[in-house]
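Working notes, beginning with the structure itself.
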Number of protein chains: 2
Amino acid sequence: MRIASTEIYDDFQRKLITGFFRPGSKLKPSSLQGAYGCSANTVRDVLLRLSRVGLVEFEMQRGFRAREASPQRRSDIARFRILLEQTGAALSIENGDLEWEVKLSAAHHKLVHVERQMDRSERSQEEVEVWSDAEREFHETLISRCDSPVLRETYANIYVQFRQQIVFQERNFEGDFYKVIIREHQSIVDAALARNTEACKQAIYDHVKRNL
Amino acid sequence: MRIASTEIYDDFQRKLITGFFRPGSKLKPSSLQGAYGCSANTVRDVLLRLSRVGLVEFEMQRGFRAREASPQRRSDIARFRILLEQTGAALSIENGDLEWEVKLSAAHHKLVHVERQMDRSERSQEEVEVWSDAEREFHETLISRCDSPVLRETYANIYVQFRQQIVFQERNFEGDFYKVIIREHQSIVDAALARNTEACKQAIYDHVKRNL
DNA sequence: AAACAATAAAATTTCAAAATTTTCAAAATT
DNA sequence: AATTTTGAAAATTTTGAAATTTTATTGTTT
């Protein structure tokens, strides 16, 4: 059989981020096993790996749970995300060379393209995931020249936890949501490419502050 | 049989932080199993959980390694630790009440006591661990009123990774090392209790900067 | 009715072995 | 001589079931 757990891992991650597994709900290897045609232990293995990212909570002898979601936790994560992204962006502005500018500009271009589409048509589950990937790619590129593996690693984890928290925020996709988002991303990329650290920090704050 | 993996987990963590498992070295469940009288799968389980803390590196189909150590990585972690601790301390200074002051002062008192002993006598492996625990307790109390679970959780992980990095820094225990450390901790606690945010940030930086 | 104890059911952890994949060294090919 | 292929050994992943622990249920006592 093919490397089962990679696929199971990806599927679980998706279901956690999209809220298919409700925050706080119990994840029982013995129950989930059947749906994937693998043993309970393989599920356990996958869940242990997901707890590394912070999407799953693990307590010895108590099993696994999808990470709890609450306004407090969302706000906490948002605050932390701002700290990491501001720091990473400031360092990237300092260290980044032409290659960084090119990559950032490319990631932004792609993101805008996706967001314009989102603004026009209805959003299917799949399209939202495409957007989510492009968004992550943009933000990770922004901080990519902070030259701190540990900051980038932490940011990656926080980003997915952030997604997990905001998925049940219903008010997301109303009216001109994407128009606003497009402007916010534009502000960030403009400040970054202009090497204006303070403006970039402010733009990052403005982008995330609705989740505080 | 007793909950094996808790003890194995603690033992592994200790061996990783104290450098018994050399940074970068392969950790093979099949080999380690024998020494603990458990199955390879239990070792795997423990190692997956340790990879959550960042002490162990895991790559699918490639197994486990003690996290790599290098001057670059040490510096990176030190930098990140400063960011987290400065942020956490600043927030604690803002939010902390009398109870926080009491706890911080108590943790500092205990730490000084241990450090004075260390300065007098020779340092056994066990004594260093007692000191290390007291030090962690002090720094975690310092940031304990940042009111950000995610910051505290990240700090806890970074702290142990920091220990893992500096264990092979031989020049540690020479001469008046502990005298210097005592002064540094004093500066931190003084600034914190005086609610002097900027001085506290500076003291944190001065305390960690030798590892940059 | 509330608190406690005993028991049954469910879930988690652990094991030992089978299946799969990677690694490494020797042989074959370019 | 360098690269590629091959095959055996080693390591990792997965399994299915046994051992252990937690949780839920029922019955008993205060």
**Report entry** Calculated from backbone phi, Karplus (6.51, -1.76, 1.60) coupling profile of segment A:158-163 in Hz, x at Gly/Pro
**Finding:** 5, 4, 5, 5, 4, 4
Query - Reachable aspartates and glutamates, given that their alpha-carbon falls under 12 Å from the alpha-carbon of residue A:179 and they are not under 8 places away in the same chain - result: A:115, A:119
Report task. Distance from a point 7 Å along Cα→Cβ of residue B:168 to each backbone N in segment B:35-74: keep the residues under 17 Å and list them by number. Result -> B:55-57, B:65-74
Report summary line: Quick note, the protein assembly as shown: a/c under 1.5 would make it rounded; otherwise a/b > b/c is prolate and the rest oblate (a ≥ b ≥ c, C-alpha gyration tensor); here it is oblate
Report task. Among B:23, B:38, B:56, pick out the residue whose Cα is farthest towards the positive end of the charge dipole of segment B:4-66, where Lys and Arg carry +1 and Asp and Glu carry -1 on C-beta, about the Cα centre. Result -> B:23
Query raised in the report: Given the pairs A:201/B:201; A:103/A:201; A:201/B:26; A:103/B:209; B:15/B:110; A:26/A:201, which span a C-alpha to C-alpha distance of over 30 angstrom in this model?
Result: A:201/B:26; A:103/B:209; A:26/A:201
Query raised in the report: Dividing the Cα radius of gyration by the Kirkwood radius, what Rg/Rh value follows for segment A:71-211?
Result: 0.94
Query raised in the report: Using θ = phi - 60° and the Karplus form 6.51 cos²θ - 1.76 cosθ + 1.60, what ³J(HN,Hα) does each residue of segment A:7-13 get, whole Hz, x for Gly and Pro?
Result: 5, 5, 4, 4, 5, 4, 4
Requested in this report: Could you let me know the centre-to-centre spacing of segment B:129-206 and segment B:38-111, using Cα atoms, in angstrom?
Outcome: 12
**Report entry** Relative contact order (%) - chain B, alpha-carbon pairs under 8 angstrom, separation at least six
**Finding:** 27
Query raised in the report: Counting Lys +1, Arg +1, Asp -1, Glu -1, what net charge surrounds residue B:185 among other residues with beta carbon under 10 Å of its beta carbon?
Result: -3
Query raised in the report: Shortest first and in nm to one decimal, what separations exist between residue B:129 and its copies in the other chains, measuring from label points 7 Å along the Cα-to-beta-carbon line?
Result: 4.6
Report task. Just order A:93-105, B:189-201 by mean Cβ neighbour count inside 10 Å, highest at the front, would you? Result -> B:189-201, A:93-105
Report task. Fewest Cβ neighbours within 10 Å first, please rank B:113, A:185, A:139 accordingly. Result -> B:113, A:185, A:139
Query raised in the report: Extension gain residue A:205-residue A:70, at 0.36 nm per residue separation less the Cα-Cα distance, in nm?
Result: 46.5 nm
Query raised in the report: How much mean residue ellipticity at 222 nm does the protein assembly as shown get from its helices, if each DSSP H run of length 4 or more adds -39500 (n - 2.57) and you divide by all residues, to the nearest 500 deg cm²/dmol?
Result: -23500 deg cm²/dmol
Query raised in the report: Hey, got the average number of other protein chain Cβ atoms within 10 angstrom for residues in B:51-63?
Result: 2
Query raised in the report: Can you pull the mean other chain C-beta count within 10 Å for peptide A:22-31?
Result: 0
Query raised in the report: Using the Karplus equation 6.51 cos²θ - 1.76 cosθ + 1.60 (θ = phi - 60°), what ³J(HN,Hα) coupling, rounded to whole Hz, does each residue of segment B:134-151 give in order, writing x for Gly and Pro?
Result: 5, 5, 4, 4, 4, 5, 5, 5, 3, 9, 5, 9, 6, 6, 9, x, 5, 5
Query raised in the report: How far is residue A:25 from itself in the other copies, in nm, if each label sits 7 Å out from Cα along the Cα-Cβ line, shortest first?
Result: 4.5
Report summary line: The base-10 log of I(q)/I(0) that the Debye equation returns for segment B:1-130 at q = 0.17 Å⁻¹, one scatterer per C-alpha, is -1.07
Query raised in the report: Which of B:212, A:48, B:83, A:84 comes first, and how do the rest follow, when ranked by fewest Cβ neighbours within 10 Å?
Result: B:212, B:83, A:48, A:84
Query raised in the report: What average count of beta carbons from other chains do you get within 10 Å of the Cβ of residues in A:105-115?
Result: 0
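Coordinate-derived values only; no laboratory data. Small disclaimer: the values here were computed from a predicted structure and weren't measured. Note that each Cβ is placed from the backbone with ideal geometry, even for glycine, and that neighbours are counted across all protein chains shown.
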